[in-house]
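Following: one structure in structure tokens, then a few remarks.
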Amino acid sequence: MFIKTSGVVTVATGILPQLSVVKYDCVACGYILGPFVQRDDEEVKPTICPSCQGRGPFELNVENTVYHNYQRITIQESPNKVAAGRLPRSKDCILLGDLCDSCKPGDEIEVTGVYSNNFDGALNYKQGFPVFNTLIHVNHITNRDKIACSQLTDEDTKAIRELSKDPRIAERIFASIAPSIYGHDFVKQAIALALFRGEAKNPGEKHKLRGDINILLCGDPGTAKSQFLRFAAHTAPRAVLTTGQGASAVGLTAYVQRHPVTREWTLEAGAMV
């Protein structure tokens, strides 16, 4: 089934070499068998040598074997598309060749590929009954973060240029932050500057200055701190609303762990990534 879906990359394994076209050497007579085109669900190996009619053993011919890049990622539903009270769904994707390393954890991507299932022995051993693992063999990836600016129409560009000529454009932007909340001008100004971000600098190539802006809001209960946070999360193109209660620094940034089924080392993105 050929499908198209989108989501946020949460897990990405390292790039591994996968057998594509393989040849074997007969240990008994030295005859080269092959080429054999490998399948994704099982390994193709010769059973008999056509030269000496022997049944092996056969060794992999490394020099004449063709490999291609292999990477497994996991995409999850975007936070702004998940209904309240429902956990986001995720799906594993297989990247081959030039598609490997085209995205990283935290990127919002759109994938097109073949939706298929395969018999996973490790998963069946863990569950105790026959089950199938479903995944997507990706043919094309579109990074939404890179094309976000290209989605502006001519009317949008014209309106932005007209607004840029307004001498009070900064005040209008500050006033548009949470307009339902009265006052708090300095808070609105700080949130607007954080949403616009800054530009990373490296003066004299001695030390780097990051362009991201952090905000710390302190105040009494009932002073609209949570409302400002929800407005910023709703306005930003990609935002996750989280709290520090029960979330460690590792859970907010990124961590490395083994995949429960494939036992591969994977990079898991935290909530802030």
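The values are calculated or read from the model by the stated rules, or taken from the named source; none is laboratory data. From a predicted model like this one, the values you see are computed outputs, not experimental measurements. Glycine gets a Cβ as well: all are built from the backbone with ideal geometry, and neighbour counts include every protein chain shown.
The C-beta contact set for the range 159-173 (first residue free of Cβ contacts under 8 Å to residues at least 12 places away in the same chain, second residue exposed (fewer than 11 other Cβ atoms within 10 Å of the Cβ) and assigned to a helix (DSSP H, G or I), distance under 9 angstrom, 6+ apart or interchain) comprises L163/R172; D166/R172. Close contacts from the range 190-207, counting a first residue that is in contact (Cβ under 8 Å) with a residue 24 or more places away in the chain and a second that is surrounded by 15 or more Cβ atoms within 10 Å (Cβ to Cβ), with Cβ to Cβ under 7 Å and a gap of 6+ residues or different chains, come to I191/I177; I191/F228; I191/A232; L195/A232. Among the residues of the range 25-55, those that are within 30 Å of H137 (Cα to Cα) and either touching a Gly at 6+ places or on another chain (Cβ under 6 Å) or exposed (fewer than 11 other Cβ atoms within 10 Å of the Cβ) (or both) comprise R39, D41, E42, E43, T47. Taking (1) touching a residue at least 60 places away in the same chain (Cβ under 8 Å); (2) more than 30 Å from T235 (Cβ to Cβ) in turn, C49 satisfies each apart from (1). State whether the residues of the range 87-98 include one that is among the hydroxyl-bearing types (S, T, Y), surrounded by 13 or more Cβ atoms within 10 Å (Cβ to Cβ), touching a Cys at 6+ places or on another chain (Cβ under 9 Å) and touching a residue at least 12 places away in the same chain (Cβ under 8 Å). The answer is no, given that none of the residues of the range 87-98 is among the hydroxyl-bearing types (S, T, Y), surrounded by 13 or more Cβ atoms within 10 Å (Cβ to Cβ), touching a Cys at 6+ places or on another chain (Cβ under 9 Å) and touching a residue at least 12 places away in the same chain (Cβ under 8 Å). In this structure, does A194 turn out to be among the small types (G, A, S), modelled with pLDDT under 90, farther than 23 Å from C218 by Cβ and not in a loop (DSSP other than H, G, I, E, B)? So A194 does not fit the description; no. Elements of the type helices (runs of 4 or more DSSP H) sitting completely within the range 104-177 and holding at least 2 residues that are at pLDDT below 90 and surrounded by fewer than 11 Cβ atoms within 10 Å (Cβ to Cβ): these cover 121-127, 154-164. Residues in the range 14-60 that are among the hydroxyl-bearing types (S, T, Y) and over 30 Å from P105 (Cβ atoms): Y24, Y31, T47, S51.
Confirm whether P46 is in a loop (DSSP other than H, G, I, E, B), touching a Phe, Trp or Tyr at 6+ places or on another chain (Cβ under 7 Å) and not β-branched (V, I, T). Judged against the criteria, P46 is a match.
Checking G30, G34 one by one, the residue that is outside any strand (DSSP E or B) and on the phi > 0 side of the Ramachandran plot is G30 and no other.
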